[in-house]
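Chemist: Sharing a structure here in structure tokens format.
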Amino acid sequence: MQKMTPSFVASALAMSLALAIPVHAQPDGGKTASVQEAPLRAHLQFLASDLLEGRGTGQRGGDLTVAYLEAQAMALGLQPGNGGSFRQPVQIAGVKTQPADSTLKLEAGGKVLDIAFGKDWVFAPGDAMAAHSFNTDLVFVGYGITAPDEQWNDYKGMDLKGKILVMMVNDPQPTAQQPNRFNGKGLTYYGRWTYKFEEAQRQGAAGVLLIHTTPSASYGWSVIQNSWSGVERFQLAAGTLGTQLQGWITEDTARALFAAAGQDLDTLRAAAEKKDFKPVPLGARLHGDMNAAVRKVEQFNVAAVVPGTDPKLKSEVVIYSAHWDHLGIQPRDGEAKADTIFNGAVDNASGAAALLAMAAEAQRHPAKRSQMFLWVAAEEQGLLGSAAYAASPLWPLAKTAANLNLDSLNFVGATRDIGTQGSERTELGKMAETTAKAMGMKIAEAKPDLGGGYFRSDHFNFAKRGVPAFSIESGRDYIKDPEGAKAKAAAYRTRYHQASDEYDPSWDLSGMVQMAQYTLNLGRLIANDPQLPEWKAGDAFAVPRNK
């Protein structure tokens, strides 16, 4: 728990007053724009403090965070990004499954499976409705993928309206004959569970049950339990909603289900690795009622703009983004003295603070194109704030040059390299290299994206709609005490999404400042370039620019 001392409160207020002094623009090309550590550290310490209660979606701490970001944007002299307001409303539904009030059962071969919610399976409504009744057939659809770019279709035109689709996560594995299919060892978006739910909705299905394995999901069943069992989950409450039921089953549950239906799970898995696979009715049913507590909440993205200086190019924009939310206050059963505030210092008070420090410099030294600083809501709930922005953008996407996203910054120390994985998909890759070289750095060596990291951060909602986008990540070649620094960075894994992700005043923020400076420098290079950057030809997200 990050304590708030009187001296800290005084220093935070003093910093706020200091930042409130009007910042005057200097249209000098921005050569002297330099991100400062003092404001970055002050913002980080405050955003990660207990006063903001972990910045939870639908919680008081989230409301306080939005008010703070809005006030700081006003103090810096930034322009509101939504007409006369810094806020963009995001309508969200909070959904909490009520297993004790639900009677859902899986039945095959004339018998009901003996399975328990949380231990063997989890489920929730995907359409923000509180009550559903099912008496529905189950169909195995392999990976559940329709991928024209891979000449792959697991559905083969079968009418699956109203069915419950059982499917695998991840995507078809590479073979000796096709070592690069579905990006080889790297995960594509087709392999993400979010895609599976989206495609099932497009197929008209009533619901989805994903088969969990640790290798295919890249995390254990405990992660599913923590995210689905006994907690409130959030989804967008407007636009295209999901299927009636979304859920997961353990591998053991899948084996028992398939066996009771007279099927062999491994045989069907093997069949699903081939292009000629067709959906297989399982001879099994889901029946009973599913009940959930549902509430509607309004959250906000915060958008602030530094107008461009070029009469023509200022109608286009570079967007820097970071999510302001974390997990908030989470009751922990059986732990009376447990810390219940999930402060999220690294994830992502660091990114939110960095944007404020960057915005101060951008306001002093504007670029030819406009620059937007966008703090998005509900990233931890499934990239909801950025999805809402991309669906109803405050700036036309056709005139959005790029999105550069910051999430979980380097709190260990400065590096000789910088992570730009995903930039190589667009012309931003060359610009990223140029920016790194100018700062005496290099681009970190790319690794196979086994966990689908490119599809799990807010930039992805921009990429899906054709905007060149990626997240800037920490390098790994530490300048000071390389081995000790690597150990410190690795140790963070045990604090990720835990109450122990707290601000430490002893942190060396040189790496965090370095990342913020790199992101601002790259954004300025894009903002001053005569041409809008393009996607590489043939990329799955390539959308030609309007010439």
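Chemist: Residue by residue through segment 230-257, note down the ones that are of a type in the set (V, I, T) and part of a strand (DSSP E or B). Steps first, answer last, please.
Modeler: Narrowing segment 230-257 to residues of a type in the set (V, I, T): 231, 240, 243, 249-250, 253.
Those that are of a type in the set (V, I, T) and part of a strand (DSSP E or B): I249, T250.
Chemist: May I pose another question? Quick one: would you say A391 is surrounded by fewer than 24 Cβ atoms within 10 Å (Cβ to Cβ) and among the hydrophobic types (A, V, I, L, M, F, W, C)? Steps first, answer last, please.
Modeler: Details: surrounded by fewer than 24 Cβ atoms within 10 Å (Cβ to Cβ): yes; among the hydrophobic types (A, V, I, L, M, F, W, C): yes.
When the stated conditions are applied, A391 passes them.
Chemist: Quick one: which residue in D171, D159, D149 is part of a loop (DSSP other than H, G, I, E, B) and over 15 Å from F277 (Cα atoms)?
Modeler: Values: D171 fails: over 15 Å from F277 (Cα atoms); D149 fails: part of a loop (DSSP other than H, G, I, E, B).
Residue meeting the stated conditions: D159.
Residues checked against (1) among the hydrophobic types (A, V, I, L, M, F, W, C); (2) modelled with pLDDT of 95 or more; (3) within 22 Å of the chain's Cα centre (by Cα):
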| residue | (1), (2), (3) |
| --- | --- |
| H24 | no, no, no |
| T32 | no, no, no |
| G58 | no, no, yes |
| D63 | no, yes, yes |
| V66 | yes, yes, yes |
| M74 | yes, yes, no |
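Chemist: Looking only at segment 293-317, filter to residues that are surrounded by fewer than 23 Cβ atoms within 10 Å (Cβ to Cβ) and of a type in the set (G, A, S); which one of those is nearest to A71 (Cα to Cα)? Quick ask: steps written out before the conclusion?
Modeler: Filtering segment 293-317 for residues surrounded by fewer than 23 Cβ atoms within 10 Å (Cβ to Cβ) gives 293-298, 307-316.
In the following step, the residues that additionally are of a type in the set (G, A, S) were identified as 293, 308, 315.
Working: A293: 34, G308: 22, S315: 25 Å.
My answer is G308.
Chemist: Now, a different point. Filter segment 472-494 down to residues that are of a type in the set (D, E, K, R) and closer than 29 Å to F455 by Cβ and give me whichever is modelled with the lowest pLDDT.
Modeler: The first filter runs over segment 472-494 and keeps only residues of a type in the set (D, E, K, R), leaving 473, 476-477, 480-481, 483, 486, 488, 493.
Those left that are additionally closer than 29 Å to F455 by Cβ: 473, 476-477, 486, 488, 493.
On the way: E473: 96, R476: 94, D477: 96, K486: 95, K488: 94, R493: 90.
The selected residue is R493.
Chemist: Within segment 229-238, is even one residue within 21 Å of I145 (Cα to Cα), crowded, with 21+ Cβ neighbours inside 10 Å and assigned by TED's automatic domain parsing to the domain that holds W152? Break it down into steps so the answer makes sense when it comes.
Modeler: At the first step, the residues of segment 229-238 found to be within 21 Å of I145 (Cα to Cα) are none.
No: zero hits.
Chemist: Within segment 255-312, how many residues turn out to be hydroxyl-bearing (S, T, Y) and without any contact (Cβ under 8 Å) to a residue 24 or more places away in the chain? Reasoning before the result, please.
Modeler: To start, the set of residues in segment 255-312 that are hydroxyl-bearing (S, T, Y) comprises 267, 309.
Filter again for without any contact (Cβ under 8 Å) to a residue 24 or more places away in the chain, leaving 267.
Looking only at that region, the number is 1.
Chemist: Just to be sure, is T103 of a type in the set (V, I, T), under 26 Å from A272 (Cα atoms), surrounded by fewer than 20 Cβ atoms within 10 Å (Cβ to Cβ) and in the same structural domain as V208 (by TED's automatic domain parsing)? So that I can check it myself, show each step before the final result.
Modeler: Numbers: of a type in the set (V, I, T): yes; under 26 Å from A272 (Cα atoms): no; surrounded by fewer than 20 Cβ atoms within 10 Å (Cβ to Cβ): yes; in the same structural domain as V208 (by TED's automatic domain parsing): yes.
Considered against the rule, which asks whether it is of a type in the set (V, I, T), under 26 Å from A272 (Cα atoms), surrounded by fewer than 20 Cβ atoms within 10 Å (Cβ to Cβ) and in the same structural domain as V208 (by TED's automatic domain parsing), T103 comes out as no.
Chemist: Let me ask something additional. Can you tell me which residue within segment 135-176, out of those that are under 28 Å from the mean Cα position of the chain (by Cα), among the polar types (S, T, N, Q) and modelled with pLDDT of 95 or more, is surrounded by the most Cβ atoms within 10 Å (Cβ to Cβ)?
Modeler: T146
Chemist: Could you check, for segment 5-13, whether at least one of its residues is within 26 Å of the chain's Cα centre (by Cα), part of a loop (DSSP other than H, G, I, E, B), modelled with pLDDT under 60 and not assigned by TED's automatic domain parsing to the domain that holds L406?
Modeler: No: segment 5-13 contains no residue that is within 26 Å of the chain's Cα centre (by Cα), part of a loop (DSSP other than H, G, I, E, B), modelled with pLDDT under 60 and not assigned by TED's automatic domain parsing to the domain that holds L406.
Chemist: Can you go through A67, A71 and tell me which one is among the aliphatic types (A, V, I, L, M), touching a Ser or Thr at 6+ places or on another chain (Cβ under 8 Å), farther than 17 Å from E232 by Cα and without any contact (Cβ under 8 Å) to a residue 60 or more places away in the chain? Break it down into steps so the answer makes sense when it comes.
Modeler: Working: A67 fails: touching a Ser or Thr at 6+ places or on another chain (Cβ under 8 Å).
From the options A67, A71, the qualifying one is A71.
Chemist: Which of the residues spanning segment 264-290 are out of contact with any Phe, Trp or Tyr (no Cβ under 7 Å at 6 or more places or on another chain) and buried (at least 20 other Cβ atoms within 10 Å of the Cβ)? Steps first, please.
Modeler: Of all residues in segment 264-290, those out of contact with any Phe, Trp or Tyr (no Cβ under 7 Å at 6 or more places or on another chain) come to 266-267, 269-270, 273-274, 276-278, 281, 283-285, 289.
If the condition is that a residue be out of contact with any Phe, Trp or Tyr (no Cβ under 7 Å at 6 or more places or on another chain) and buried (at least 20 other Cβ atoms within 10 Å of the Cβ), then F277, A284 are the ones that fit.
Chemist: With respect to S85, is the statement that it is buried (at least 17 other Cβ atoms within 10 Å of the Cβ) and at pLDDT 95 or above true?
Modeler: Working: buried (at least 17 other Cβ atoms within 10 Å of the Cβ): no; at pLDDT 95 or above: yes.
It is false that S85 is buried (at least 17 other Cβ atoms within 10 Å of the Cβ) and at pLDDT 95 or above.
Chemist: Are there any pairs, at least 6 apart or on different chains, whose C-beta atoms fall under 6 Å, with the first in segment 435-453 and farther than 24 Å from T32 by Cβ and not assigned by TED's automatic domain parsing to the domain that holds Q517 and the second crowded, with 18+ Cβ neighbours inside 10 Å and modelled with pLDDT of 95 or more, and if so, which?
Modeler: As it stands, the answer is none, since no pair meets every condition given.
The values are calculated or read from the model by the stated rules, or taken from the named source; none is laboratory data. Being a predicted model, the structure only gives us computed values, none of them experimental. Reconstructed Cβ throughout: ideal geometry from the backbone, glycine too, with neighbour counts over all protein chains shown.
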